[in-house]
1. Here are some residues: Thr211, Thr174, Thr163. Which one is over 30 Å from Pro499 (Cβ atoms) and either of a type in the set (S, T, N, Q) or surrounded by fewer than 23 Cβ atoms within 10 Å (Cβ to Cβ) (or both)?
2. Residue check, Trp58 against (1) among the aromatic types (Phe, Trp, Tyr); (2) at pLDDT below 95; (3) out of contact with any Phe, Trp or Tyr (no Cβ under 6 Å at 6 or more places or on another chain); (4) in a helix (DSSP H, G or I), all met but one. Which one?
3. Go through region 81-136 and give me each residue that's among the hydroxyl-bearing types (Ser, Thr, Tyr) and within 30 Å of Asp335 (Cβ to Cβ).
4. Which of the residues that make up region 63-91 are touching a strand residue (DSSP E or B) at 6+ places or on another chain (Cβ under 7 Å) and under 20 Å from Phe307 (Cα atoms)?
5. From the set of residues in region 330-374 that are among the basic types (Lys, Arg) and outside any helix (DSSP H, G or I), which is surrounded by the most Cβ atoms within 10 Å (Cβ to Cβ)?
6. Suppose the filter is in a helix (DSSP H, G or I), closer than 30 Å to Ala395 by Cβ and of a type in the set (Gly, Ala, Ser); does Ser450 pass it?
7. Does any residue in region 312-330 that is farther than 14 Å from Trp255 by Cα come within less than 9 Å, Cβ to Cβ, of a residue that is open to solvent by 40 Å² or more (accessible area, probe 1.4 Å) and of a type in the set (Ser, Thr, Tyr) six or more places away or on a different chain, and which pairs are these?
8. Give region 438-459 a look and list any residue that's of a type outside the set (S, T, N, Q), buried (at least 16 other Cβ atoms within 10 Å of the Cβ) and under 30 Å from Asp337 (Cβ atoms), or say none.
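The values are calculated or read from the model by the stated rules, or taken from the named source; none is laboratory data. Bear in mind that the values here come from a model prediction, so they are computed numbers and not experimental data. Cβ sites come from the backbone with ideal geometry, for glycine too, and all protein chains shown count toward neighbours. Ligands, DNA and RNA are excluded from the accessible area calculation, which covers all protein heavy atoms including side chains. Shrake-Rupley method; radii C 1.70, N 1.55, O 1.52, S 1.80 Å.
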Amino acid sequence: MKQISYSILTLILLLSGCSDYIDNEVTGKQNLDSFYSNYSECDGAIIGCYSTLSPQDWWEVDFFWLVGDASSDDAFKGNNNEGDQRDFGNLADFNINSSNEWVEYKWRFSYQGIYRCNLAMERIPEAPILQEEIDGLIAEAKFLRAVFYFELVKNFGGVPLLTEPISIQEANLTRSSEAEIWSQIELDLKDAANFLPTKSQISPDKIGRATKGAALAFLAKAYLYQEKFSDAYDYAEQVELLNEHNLNDSFENVWSISNPNGNGSIFEIQHSYDDIYYSGSALPVLSRSRADGGWGFCTPSSHLDNFMGDDPRRVHTIIREGEYVDEEHPAYDTDPDQNMTGRINKKYYLSFDERPPKDEHVRSGLNHILFRFADLLLIKAEAAYHVGNEGEALAAINKVRERAGVDEINAAGPALLTAVFNERRLELAMEGHRYYDLKRSGRLQSAMESFLNYNINESTDLYDAGNDEGKYFNAGIHNLFPIPQTEIDLSNGDIQQNPGY
């Protein structure tokens, strides 16, 4: 499935923006009341919901997918030009205020996605199409709404809860509690799972769209975030028992552009190069070395590099200065003068023949994996530990380690939980999970303090020793990001700001 490959999306994008865009009739085009007249139009509306996960230009959403690494001990802002994307650097440094543009983009496009989902859920049931088609499309909309709310609650805490197609400005709501947002996420995912197909049941033209396994997997993660470990374990096991996902792909090929929606993929944002539609990912350009045509952001830290050590996953996660990558890059130039760490993220790297011929920063064809089976197994391992089933925890973690080609572990008690956390860092490094894993498990403060001490007092690394990024971290504030001030102003102060901002 191409992310934006339907001409009808031009209409959808016009109809489903903020209220300013729907107040006036669009002459020469269908209006909203007549749009949902057949399956193709209803399906196009759902594609419009998917497209908001990664909109058409690099500055809108893709940058924020890097925050989970850059706001942790795994990476720095990267590009050491202080004036280049200053607000992204402020996120990495925790020098954050409520006017940060990337926080505003995350909020805005999450709610745009929610609006589109709500609109689809209101209009599609009245369309003259088969009931089973309606059920399937509504299930996709509910799944995606849950994903958007998941992104909001893990970044901002409690937020306004909208389940009807009105804009956040029109709603003028106060914030719902985190518990209320999680409850809505759970409800949407359970409803979606009842009607979504399994991965093997999806038709070839819809590969990459939401599945029953994806809904159950996000449920497992939602319960893990809430420390409802029994539920997290049960739903993780349900995904495993579907037998739709496995670790048969080598770790090297998990992020390969030649392996979209691979065996270990549960849900990923679909991208493909197209010479007409701006339908690609910005991540390969955002994270690649400036000497290699990239922009040099979110560079892996020596702290992460040292942690990975001789683990075979390291060479498929981090490219070091001067390291062999491929025939075009026998000694990779990270451009250390413009790179905080002398390293780049290998997972988003594309070779010359994999890069689009033009407008690469918005057309790269690398899918962006949001959830994969190894993550699911480690969720199961963590949940199993907390419900007292250490045998299942060991079995799950060792499946991941076996695929990686490293020895099994045989730990118990608190050492086993530490091993699970360590395995998440090794397996999922530079995929946007670290900051959220640290804060949900209560380890963010100690990790950031240790990271700063390492960089200032212990590191002898040639590139990032002495870097004090993160020095502004405050445990009483930075477990959440600020609500954008623009949204507080639009609500006339009804939306309350997070503490400390």
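1. Being over 30 Å from Pro499 (Cβ atoms) and either of a type in the set (S, T, N, Q) or surrounded by fewer than 23 Cβ atoms within 10 Å (Cβ to Cβ) (or both) holds for just one of Thr211, Thr174, Thr163, which is Thr211.
2. That leaves (4) as the condition not met.
3. Passing the criteria: only Tyr105.
4. Asp69, Ala70, Asp74, Ala75, Phe76, Gly78
5. Arg343
6. In short, no.
7. Glu321/Tyr463; Pro330/Tyr324
8. Selection gives Ala447, Met448, Phe451, Leu452, Tyr454.
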